[in-house]
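K.L.:
My questions all concern the structure below.
No lab work stands behind these numbers, since they all come straight from the coordinates. Just so we're clear, the structure is a prediction, and the values are computed from it rather than from any experiment. Quick reminder, even Gly has a Cβ in these numbers, built from the backbone with ideal geometry, and neighbours come from all protein chains shown.
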Amino acid sequence: MKVSGTYFPSKSSRAIAAHAELSQDAVLTITAEDGAILTAVPFKDVRASSRLGKLYRCLDLPGGAHFETSDNDGVDAMFRAAGLLRRGAFIHRLESSLRWVAVAVLLATISATAIIVYGFPAAARWLAYETPRPVLAAISEQTLSTMDRLSLGPSRLTATERAKAKLLFDRVAAVAANGRNGYRLLFRNGNSLGPNAFSLPDGTIIVTDQLCRLVKRNDELEGVFGHELAHANRRHSLQMVYEDSLIPVAIALITGDASQFTQIASVLPAMLIQSSYSRGFELQADDDSVTMMRHIGADPSALGDLLLRMDKTLCGKDGCRPSWLGSHPATTERVARLRTLANSSR
């Protein structure tokens with residue numbers, strides 16, 4: 001078994017045209033063109049570079065000499081004859097097989113899909129719950145500042161209207177995870193946003209004048225508060241942003257570099273305004289709202305009545321613009337589900 005190539009003696013740049021031959025007793029002999037033996041070494045002591053396409057292979061010999069050849073198949077045949085498995089040759093065979101390439105592409109696609117569908121949400125949820133309170137406050141203040149500058153205005157509700165809403169808010173917050181003192185309620189004029197409510201990561205709940213004035217029953221507004229408090233408790237807003245910002249968030253939590261959270265605060269306002277909670281987050285918040293309504297003796301289905309009124313009042317044949325109705329699932333599905341849950345508790 002012989003391959004042709006070039007021999008480079010140890011500590012020399014001289015190149016010698018030569019042949020490498022493997023004997024039956026697994027000894028590699030390098031001979032010059034004239035038949036002179038240049039070196040002979042046990043093949044088990046030879047180290048070969050990995051096979052990469054048609055690149056030359058390099059056989060490193062004991063003592064510093066090496067032998068180069070373009071005969072990749074011949075080198076692989078030597079290793080097979082010597083009973084030595086070559087990782088590079090095995091990989092090359094896999095890469096040369098369309099069947100195995102197709103299998104590798106399929107496995108890579110499945111893995112990437114699994115990471116996106118399950119891995120990212122799981123990592124985002126863990127990060128959201130591990131975010132320190134001071135960071136939550138900083139993100140929330142920056143988000144509120146951006147929303148006030150771009151989308152919201154000072155509330156025009158009367159002092160009496162704000163006081164009434166605050167009493168209802170305190171009633172619901174008292175049975176929420178962080179208690180009455182764990183949240184704050186802010187009023188804003190929604191301007192072009194209309195009836196809307198937002199939950200910030202630190203437990204700040206923003207409700208617009210337009211939403212407050214659309215309410216006809218106390219438990220409708222309490223249902224809104226329960227829904228938004230649930231988003232805050234479960235840190236839904238952070239989770240949805242973290243899924244898009246896992247790398248900077250991980251750096252921030254590992255290094256303590258709070259400047260990395262600037263990216264989050266810049267993205268969060270747009271997500272909140274566009275009502276971009278996932279279907280699962282919305283249903284989860286509805287469920288938690290129902291639980292809170294039961295605890296305070298309010299009607300869990302009242303939130304559904306408000307949703308239908310908003311749908312009828314604000315949405316034409318083209319559907320609602322981005323608002324408190326603008327996220328998934330559909331209003332009719334949410335209302336039916338709220339009524340079913342309310343009836344099951346009676």
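K.L.:
About the Cα centre of segment 2-91, what is the dipole size in debye to 20, counting +1 per Lys and Arg Cβ and -1 per Asp and Glu Cβ, all else neutral? List each step's numbers first, then the result.
P.N.:
Details: 11 positive and 10 negative charges, 78 e Å.
Using Cβ point charges on Lys, Arg, Asp and Glu, segment 2-91 gives about 380 debye.
K.L.:
Using per-residue counts of other Cβ atoms within 10 Å, averaged over each peptide, order 154-167, 131-144 from highest down.
P.N.:
On the way: 154-167: 13.3, 131-144: 17.9.
Averaged packing, sorted descending, gives the order 131-144, 154-167.
K.L.:
Can you work out the PRE-style zone for K164? Point 7 Å along Cα to Cβ, and I want the residues of segment 174-214 with backbone N under 20 Å.
P.N.:
185-190, 195-197, 206-214
K.L.:
Let me ask you something else. How long is the gain from N189 to E33 if the chain were fully straight, where each residue apart is worth 0.36 nm and the alpha carbon distance is subtracted? Please report the intermediate quantities before stating the final value.
P.N.:
On the way: separation 156, 0.36 × 156 = 56.16 nm, distance 9.17 nm.
Here the segment from N189 to E33 would lengthen by 47.0 nm.
K.L.:
Counting other Cβ atoms within 10 Å, keep those with at most 13, restrict to DSSP loop, and tell me which trypsin sites (Lys or Arg not before Pro) in segment 11-51 are left. Please list the in-between numbers first.
P.N.:
Details: sites: K11, R14, K44, R47, R51; in loops: K11, R14, R51.
In loop regions of segment 11-51 (DSSP not H, G, I, E or B), the sparsely surrounded trypsin sites (Lys or Arg not before Pro) are K11, R14.
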